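A short worksheet on the structure shown next.
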């Protein structure tokens, strides 16, 4: 168990976006969160990665309560994430976009930048090497020097993965990694996600593509109206009546 | 590789041109206009660092320019400090004020930040204008000393002052260049790009935004200080919101978030308005549409247009190259 939430709750005004969610993420596995639109999946991600502060409950990462830490501190501890929209800088090259990903592991200050100190040069080199390494890992060797505006949606997703990996994370949260790309590309991205897990990374993703999730994930949590309605391995989730009801609505015979 | 040498050649050529400029024109008025343009450029570089590279549009820039100018004026005229000590302390005072204002201003974002800083700028202007006991109000501040000698070098002639301001401009550009092309610059750009993404990459946005803000006020302070000792008379008008919008125009026309933008924009607009002086305030009839067209058709300004053209040309070249390779 690498990350755990206890009674995690987020309230916006009178609305519970996430309510009393207990979830445990096993180390080195691929975990998934599914649920209908507006079920609170993204809010859950924002809570875990520190962008939102929980109204109640705790997020525990490697035995440490991180619920009150700001997002940048959470990232430093080894929790990385991607966003539904890729948020990349379109006018810059793929490489330039990814270099900054390793910034959190460097210590160079303003002084180093102005005087081009040895530390800055060393750390810049380190960031660039890291960028090349993660771009290779996600299979973008060919696009390193291309402008982000000129690459495909699927490649942009890979750049976002590379950015997350450049932070040297232990756990990666992927927010709808295959939204807006075609089935073939989806399969390729699934392979990449598996490759990340094989490398020892813990993965947690939000996804709408059921078939993909069922093949990929080892553990699934289902959210509905902010509450956890099921958790377990894919075949169990597949048979769960409440999940079927939430997804298809109405009778369980559907 | 060749392109590096090319751009280096361009930079060396421009520096030589700037050095030779006084001998080319032989006109003291042109020299004066050029020196002033250099001072504006320094201020625009400060604005560009914050608005162009970090994504926070501050409309208090003229206010900080005025703080630099008045700090220098008051330190020399009223406190009787020597030229060089005042020259160093004035930008530091500006930076300190910038730090305090930045702490509060940066709690807002986007247009709220712009509106907040607009108010801050106006309050600074009002303070300068109405606090007669300190600033002399609308009468302004006179008797500011010209730069005193550096050893045997006399800095009182217009020619010497031109080179003095030019040297400081070069230093400012060097510092900005290094900043932008370092991890610090990449951090600023990441914040401009998406603050949430920057945060989740472990970047402390609060700290880096404040750093960028403080730096931008520092450059405004230097520009203000130079203005005070070059013009040697300052009135509250230099803190007016019009100055902020002038600086903004220079930056946008030149190219927001580009390294050469502040030079291109400032030179273009300053000389254009010199040559159109016979039109008086009707000049704005030209600048207004120019700015609008720029924002619509080339948000990256003139520099942005150029680099776009350059990138396209390179793309074509490399496409040709790979085609040729395939045929072989």
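The values are calculated or read from the model by the stated rules, or taken from the named source; none is laboratory data. These numbers were taken from a predicted model, which means no experiment stands behind them. Please note: Cβ atoms are built from the backbone with ideal geometry, for glycine as well, and neighbour counts cover all protein chains shown.
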*Check residue A:35 against each of (1) assigned by TED's automatic domain parsing to the domain that holds residue A:175; (2) at negative phi; (3) touching a helix residue (DSSP H, G or I) at 6+ places or on another chain (Cβ under 7 Å) and name the one condition it does not meet.*
(2)
_Please list, ordered by residue number, the helices (runs of 4 or more DSSP H) wholly in region A:77-167 having 1 or more residues that are within 9 Å of another protein chain (Cβ to nearest Cβ) and loosely packed, with under 14 Cβ neighbours inside 10 Å._
A:110-115
_Criterion (assigned by TED's automatic domain parsing to the domain that holds residue A:214, at pLDDT below 90 and crowded, with 19+ Cβ neighbours inside 10 Å) met by exactly one of A:177, A:183_ = A:177
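Condition check: outside the structural domain of residue A:51 (by TED's automatic domain parsing) and more than 19 Å from the chain's Cα centre (by Cα). Does residue A:154 satisfy that?
no
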*Residue under evaluation residue B:80, criteria (1) outside any helix (DSSP H, G or I); (2) surrounded by fewer than 20 Cβ atoms within 10 Å (Cβ to Cβ); (3) modelled with pLDDT of 90 or more, criterion not met*: (3)
_Filter region B:265-290 down to the residues that are under 13 Å from the mean Cα position of the chain (by Cα) and surrounded by fewer than 21 Cβ atoms within 10 Å (Cβ to Cβ) and list them by number._
B:267
*Go through B:185, B:224, B:151 for me and flag whichever is buried (at least 18 other Cβ atoms within 10 Å of the Cβ) and more than 10 Å from chain A (Cβ to nearest Cβ).*
B:224
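To keep it simple, each residue is scored yes or no on (1) closer than 25 Å to residue A:196 by Cβ; (2) without any contact (Cβ under 8 Å) to a residue 24 or more places away in the chain; (3) not assigned by TED's automatic domain parsing to the domain that holds residue A:208.
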{"position": "A:3", "(1), (2), (3)": "yes, no, no"}
{"position": "A:7", "(1), (2), (3)": "no, no, no"}
{"position": "A:19", "(1), (2), (3)": "no, no, no"}
{"position": "A:24", "(1), (2), (3)": "yes, yes, no"}
{"position": "A:28", "(1), (2), (3)": "yes, no, no"}
{"position": "A:44", "(1), (2), (3)": "yes, no, no"}
{"position": "A:49", "(1), (2), (3)": "yes, no, no"}
{"position": "A:59", "(1), (2), (3)": "yes, no, no"}
{"position": "A:71", "(1), (2), (3)": "yes, yes, no"}
*Quick one: which residue in B:239, B:202, B:255, B:235 is buried (at least 23 other Cβ atoms within 10 Å of the Cβ) and away from chain A (no Cβ under 14 Å)?*
B:239
*asked:* Six or more apart or on different chains, Cβ atoms under 6 Å: show the pairs whose first residue is in region A:179-207 and on the phi > 0 side of the Ramachandran plot and whose second is at pLDDT below 90.
replied: A:180/A:153; A:200/A:28
_Test: residue A:51 is facing chain B (nearest Cβ under 7 Å), farther than 30 Å from residue A:125 by Cβ and touching a strand residue (DSSP E or B) at 6+ places or on another chain (Cβ under 9 Å)_ = yes
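If the requirement is being buried (at least 20 other Cβ atoms within 10 Å of the Cβ) and touching a strand residue (DSSP E or B) at 6+ places or on another chain (Cβ under 6 Å), which of these qualifies: B:141, B:169?
Working: B:169 fails: touching a strand residue (DSSP E or B) at 6+ places or on another chain (Cβ under 6 Å).
Checking each option against the conditions leaves just B:141.
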*So which residues in region A:1-20 are surrounded by fewer than 24 Cβ atoms within 10 Å (Cβ to Cβ) and closer than 23 Å to residue A:244 by Cα, if there are any at all?*
A:16, A:17, A:19, A:20
*How about region B:155-272: which helices (runs of 4 or more DSSP H) wholly inside it have at least 2 residues that are touching a helix residue (DSSP H, G or I) at 6+ places or on another chain (Cβ under 9 Å) and touching a residue at least 24 places away in the same chain (Cβ under 8 Å)?*
B:158-180, B:183-193, B:205-231, B:241-254
*Would you pick out the residues in region A:220-230 that are out of contact with any helix residue (DSSP H, G or I) (no Cβ under 8 Å at 6 or more places or on another chain) and crowded, with 19+ Cβ neighbours inside 10 Å?*
A:221, A:228
*Would you check if residue B:219 is closer than 30 Å to residue A:130 by Cβ, surrounded by 24 or more Cβ atoms within 10 Å (Cβ to Cβ) and modelled with pLDDT of 95 or more?*
no
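Matching residues to (1) buried (at least 23 other Cβ atoms within 10 Å of the Cβ); (2) out of contact with any helix residue (DSSP H, G or I) (no Cβ under 6 Å at 6 or more places or on another chain); (3) on the phi > 0 side of the Ramachandran plot:
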{"position": "B:17", "(1), (2), (3)": "no, yes, no"}
{"position": "B:26", "(1), (2), (3)": "no, yes, yes"}
{"position": "B:29", "(1), (2), (3)": "no, yes, no"}
{"position": "B:36", "(1), (2), (3)": "no, yes, no"}
{"position": "B:43", "(1), (2), (3)": "yes, no, no"}
{"position": "B:57", "(1), (2), (3)": "no, no, no"}
{"position": "B:61", "(1), (2), (3)": "yes, no, no"}
{"position": "B:64", "(1), (2), (3)": "yes, no, no"}
{"position": "B:67", "(1), (2), (3)": "yes, no, no"}
*Can residue B:123 be described as surrounded by fewer than 17 Cβ atoms within 10 Å (Cβ to Cβ) and in contact (Cβ under 8 Å) with a residue 60 or more places away in the chain?*
yes
